[in-house]
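Read the structure below first, then the notes.
Every number here is computed from the coordinates shown, using simple stated rules; none is lab data. None of the values given here were measured: they were computed from a predicted structure. Every residue, glycine as well, gets a Cβ built from its backbone with ideal geometry; the counts of neighbours run over all protein chains shown.
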Amino acid sequence: MKAICPKDENHKLFITTAHEVHDWVVDETGDFVEDVECIEVSADPNSGNCWTCKICGAEATVTD
């Protein structure tokens with residue numbers, strides 16, 4: 001998989017979605033208090049996601 005910025009091919013950083021599993025500290029009713037840490041990634045970024053260039057904001061072209 002490769003993302004390419006349509007405005008500048010030298011732009012190499014992108015924003016997209018991944019899903020993480022975190023351990024939390026909760027109170028006695030299960031309400032969130034604090035994030036402990038990410039313990040695993042349940043879904044990595046994929047080519048079907050929207051990828052946005054972090055530098056200029058353009059929507060990237062992503063190939064498999």
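Couple of notes before you dig in:
- Those residues of the range 9-54 which are under 22 Å from ASP64 (Cβ atoms) and of a type in the set (D, E, K, R), in sequence order: GLU9, LYS12, ASP44, LYS54
- Considering the range 17-64, and only residues there that are outside any strand (DSSP E or B) and of a type in the set (D, E, K, R), the residue that is farthest from the chain's Cα centre (by Cα) turns out to be GLU28.
- Considering only residues in the range 1-16 that are touching a residue at least 24 places away in the same chain (Cβ under 8 Å) and assigned to a loop (DSSP other than H, G, I, E, B), the one that is farthest from ILE55 (Cα to Cα) turns out to be MET1.
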